[in-house]
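Only one structure is covered here, and it is reproduced in the block below.
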Amino acid sequence: MNTVIDSAIVDELLATAAAARQQAYAPYSRYQVGAAVLADDGRIYAGANVENVSYGLTVCAERVAVFKAVTAGANKLLAVAVATENGGSPCGACRQVLVEFARDIPVWLVDGAGHRRETTLYRLLPDHFGPEHLVK
Ligand code: THU
């Protein structure tokens, strides 16, 4: 079951993702992404994509945000927001990383005009590989 997130917190999460987008380092794709995760310590952790001239070393905004939360000691995530110009959705790699630290949490996608779309992590990554698959 999903916890309902207070609407003021949702607003803050989306605003944090949109603000983080401004910190993107994306000189190659020019596609700036901001992400924010709400962790069970009550804090919001932000990230932006950081590209590299070698391309393959680029790290997505979502993973930056998740890794910031986890390395601050908060490894249970309650909600995610992703901000892009056109409402883009998290890539497959980021979905798998989010699933590591979350259940079927709400995911908000917000575009440059402020339009929001709400989905959930398990809708984005159904039938995913999880720790139960490693248990004999
Ligand atoms: N990107 C993200 O930050 N998150 C995603 O989920 C999709 C893609 C970034 C990576 C790269 O810097 C740019 O968007 C274009 O792919």
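Read-outs: derived from the displayed coordinates by stated rules, not from any lab. Everything numeric in this text was worked out from a predicted model, so none of it was measured. Don't worry about glycine lacking a Cβ; one is built from the backbone with ideal geometry, like all the others, and counts go over all protein chains shown.
Take the conditions (1) in contact (Cβ under 8 Å) with a residue 24 or more places away in the chain; (2) within 11 Å of the ligand (Cβ to nearest atom); I105 misses just one of them, which is (2).
From the residues in region 62-73 that are crowded, with 21+ Cβ neighbours inside 10 Å and within 20 Å of I9 (Cα to Cα), which one is farthest from the ligand (Cβ to nearest atom)? That would be A69.
Tally time: how many residues in region 17-33 are closer than 12 Å to T84 by Cβ and more than 9 Å from the ligand (Cβ to nearest atom)?
Going through region 17-33 one residue at a time, the tally reaches 4.
Check off (1) part of a helix (DSSP H, G or I); (2) closer than 21 Å to P131 by Cβ for I9 and give me the number that stays unchecked. Among (1) part of a helix (DSSP H, G or I); (2) closer than 21 Å to P131 by Cβ, the lone unmet condition for I9 is (2). Remark: pairs (first residue in region 29-53, in a loop (DSSP other than H, G, I, E, B); second residue charged (D, E, K, R) and more than 15 Å from the ligand (Cβ to nearest atom); Cβ separation under 8 Å; 6+ apart in sequence or on different chains) = D40/K76. Entry remark, region 103-136: residues being surrounded by 14 or more Cβ atoms within 10 Å (Cβ to Cβ) and small (G, A, S) number 0 in total.
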